[in-house]
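One structure is given below, encoded as C-alpha cells.
Every number in this text was worked out from the coordinates using simple rules, so none of it is lab data. All values reported here derive from a predicted model rather than from experimental measurement. Methodologically, a virtual Cβ is constructed for each residue, glycine included, from the backbone with ideal geometry; neighbour enumeration extends over all protein chains shown.
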Amino acid sequence: MKNTFYFLMLFIGIAITGCEPMEDIHNDIDEKISNVEGSMDYTLQEEDYTDNLGLSFTSFDSEDDARELIPALLSDLYPALGKNSSVNVTFNIYDPIRVEEYMVAATDYEAVGLTENYFSGMGDIVDFLQFQFPQAEQGDYVELTYNTLADEEAYMLNDADFSLIGEEFEDDYPNPASSAGEYGNFERRETNDAYWSNEMILEAINEVLLENIDGVEGQKYNVSYDIYNGSAGTESMTVQFNGNAYVAVGGTPYELTTDDYDLAGAELAEAYPEPADNAAQYHSFAIDEDSENYWSMDMILEAFNIVLKENFPDAVDGDKFEISYDVYSGGVSTKLQAVILQDGTYVIDESAAVSTIEETKVFAFTNNSWNTPLILEEDDYTEMGQSYPNFDDEDEAIYKLAIFLENRFPYAQDGDFVALGYDFYSGETTREYANFVFEDGEFNYIPSVVESSLQFGNDGTQWVPDNTIRYSLSGADYGIIASALEDDYGNPVESMENYSNFDRREGNSAYWSDEMLLEAMRALLNEIAPNAEVGQQYVLTFDIYNGTNTTESLSLIKDESGTWVLNNEE
C-alpha cells in the first residue's frame, strides 16, 4: 500500500508541476522508493547460496555466518526498502552431529552418590549421564572418559611367545631360556638348571605382553602357560598393568553364578527371609538401605563364605579370591570384592586394591535414555555389499543404513529412534554417527542440515540482525492495560476499554499523552513478555482515535535494569 501511495502522489505531483525538470522528478521518485517501509518473509533459494553469496553448499556453517552474509543479499533483493523495514529470513544451517567430550572428575563420582572413584557398571554410567546432562535432547552424543572396574582378560602363551622368551633371555638365563624356546614351556623343577622361578616367569610375561598388547593402566590378565615338573601341565599367573609394567596380583578370580545366588538364598532364608528370597530370585544383592531386601556388606560376606566353602572345600588359610558379583540399586551393576581365608572364615582382604582402568566410550541419548550407539561390525558391511568394512560415499551410506535398520528391527514402532556409528573412508577412516527415526513404516535419516530463521532490520543505511518482535494489540491487550492503569487514569482507561483504542485528541478528557502511552505499553509487555531478555525489542502497533480511526506504533527495548524504555534507534 505504501509503495502504491508513493507512486500515486508522485504522478499527481508530476501532473501539477509539469514544468519541473524530468531529472529532478526522477531523483525524487528514486528517493521516495528507496525509503519504502515494509515487513516481509523470505526463504533463501539454492541460487542465493551458490550464485549470490558464493558458497559451495546450500547452507551456512553457523548462524554467525548467516548474520554476516545475509545483509548484503537483502540489499540486492530489496533496494527500495528503507529505515524501519524488516525481513524474516529462513535459511539452512549445517548442523552435523557433535560429540561432546567429558572427562569424569573425582568430585563427579561423589555427586551421584558413589563412594569410590569409578563406575562399576552401566547403571552407574547412566545415572551420571542423567545427572550431568539433564537437558539432553534426542540424538545428543557424549564421549565419556571415566574409571571402571577392569575385567580380567585371558592370555595363553603360545610357541611364538616362548621363542621370543628364548631369544630375549638367552644372556640373562641361558639354560632356562634355551629350554623354554626349544620345548615351549617353563621348567618348574627347582633342582634342574633350566628352572624358572615365579619372578623369572613374571619377567617373561612382561616381555610377551609388552610386545603384543597396548597396555591399559589397571587392566588385569590371567596368563596361562605350559610347564614341565616331571610331567606336562599348565599354570597361570594374574598380572596387572601399572602404566609401565605388568605386576603380579593375588587372588583367584571367581564370578558368582545363578546357582551360587540360589545356594546363598537357601542357606540364609531363615536368617534374612526377604533379602535371601530376593537374591535367589533376581541373582543380585539389593544394596539400597531403604529396601526390605537390603544386603549389608557383612551379610554379603556370609553369602561369600557359603559359596566359596562349597566350591573350594580344600582351601587353606591365606588363600585369596577376587569375587565378581551383581548388586541392585535402581539398576544392576557389577562389583569386585577381594577376600582372604583367615582362621577358617573368609574376610575382606584389606591389602587388595580394586582394579580399575580408564575407559572412553561414546553414549547417545535415544528414546529418553542414555545408551551406547549401535556400532556396525565387519559382517554388517559385508551384508550391505561393501567391499571394505566402511563407506566412502555418504549418500550411499545413508541409503543402505536405512535398509539395514529395517532388517535389524522388523518390529520397530513409529517414533523409535536409533543412534548408529559407522566407519567412513575419505583418505583415512573415521568414525561417523547418524540418527534415524522410524516413521510411516520405514527408518528415516535425520539430516545434518536444519532450517533456521533470523529477522533483519534496516537502520536507514544497512541491514542488521534484528530481534524486534512486531506486535499488534488485540482486544484482550486493551483489557490488560485497563487492569493495570484503571486507578491512575479513570476516563482515558474507561474510553480505551470501551472502544479498544487510545484517544489522541488533546484537550479531551479521555486523552492519552505520549507518557501515558509509554506506561500502557510497559504494563502490557510486563504481562505478555515477563521473561524477555535484556536487549529484546518490540514494535507495538495500537489503534487510536484522533478524529478518525487509525494506528500508531511505539518501539520499546528492555534495558539492563529490566525496564522497557523507548528505543531511540528505531
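Remarks
- Basic side chains Lys and Arg get +1 at the Cβ, acidic Asp and Glu get -1 at the Cβ, and with that the dipole of the range 241-338 about its Cα centre reaches some 500 debye.
- Checking every one of the chymotrypsin sites (Phe, Trp or Tyr not before Pro) in the range 40-142 against DSSP loop status and a limit of 10 other Cβ atoms within 10 Å picks out no site at all.
- Kirkwood-based Rg to Rh ratio, the range 270-309, C-alpha trace: 0.94
- J(HN,Hα) series, the range 86-96, from Karplus relation 6.51 cos²θ - 1.76 cosθ + 1.60, nearest Hz, glycine and proline x: 9, 9, 8, 9, 9, 8, 9, 10, 6, 10, x
- FRET efficiency estimate (nearest 0.05) - Cβ-Cβ, GLU182 to ASP343, R0 30 angstrom: 0.05
- The Cα center of the range 84-133 and the Cα center of the range 438-452 differ in position by 23 Å.
- Between GLU190 and ALA476, the modelled label-to-label distance comes to 9.3 nm, taking each label 7 Å out from Cα in the direction of the beta carbon.
- Across the chain, Cα pairs under 8 Å and at least six residues apart give a relative contact order of 12 percent.
- Percentage relative contact order, the range 168-327, counting C-alpha pairs under 8 Å, at least six apart: 16
- Between VAL316 and SER369, the distance separating the two model label sites (each 7 Å from Cα on the Cα→Cβ line) works out to 5.0 nm.
- Cβ charges +1 (Lys, Arg) and -1 (Asp, Glu), total dipole of the range 208-284, debye: 400
- Note on SER387 and THR90: the extension gain reaches 102.8 nm, defined as 0.36 nm multiplied by sequence separation minus the Cα-Cα distance.
- Rounded tilt (10° steps) of 514-528 against the dominant C-alpha axis of the chain: 30
- When the chymotrypsin sites (Phe, Trp or Tyr not before Pro) in the range 356-437 are filtered for DSSP coil states and for at most 12 other beta-carbon atoms within 10 Å of their beta-carbon, the remaining sites are TYR411.
- This model, with +1 at the C-beta of Lys and Arg and -1 at the C-beta of Asp and Glu, gives the range 53-177 a dipole about its Cα centre of some 1480 debye.
- Annotation for GLU153 and GLU350: the two label points, set 7 Å from Cα along the Cα-Cβ direction, are 3.5 nm apart.
- For the range 495-510, the residues whose backbone nitrogen is under 14 Å from a point 7 Å from the Cα of GLU552, taken along Cα to Cβ, are 496, 501-508, 510.
- Cut-off 16 Å, label 7 Å out along Cα→Cβ of PHE131, residues of the range 79-118 by amide N: 103-118
- Förster radius 25 Å - calculated FRET efficiency between THR430 and LEU454 (Cβ-Cβ, nearest 0.05): 0.20
- At full extension, SER500 and VAL332 could sit 54.1 nm farther apart than now, given 0.36 nm per residue minus the alpha carbon distance.
- Principal axis box of the chain, alpha-carbon based, largest edge first, Å: 130, 60, 45
- Taking a point 7 Å out from the Cα of GLU515 in the direction of its Cβ, the residues of the range 462-497 whose backbone N falls within less than 19 Å of it are 485-493.
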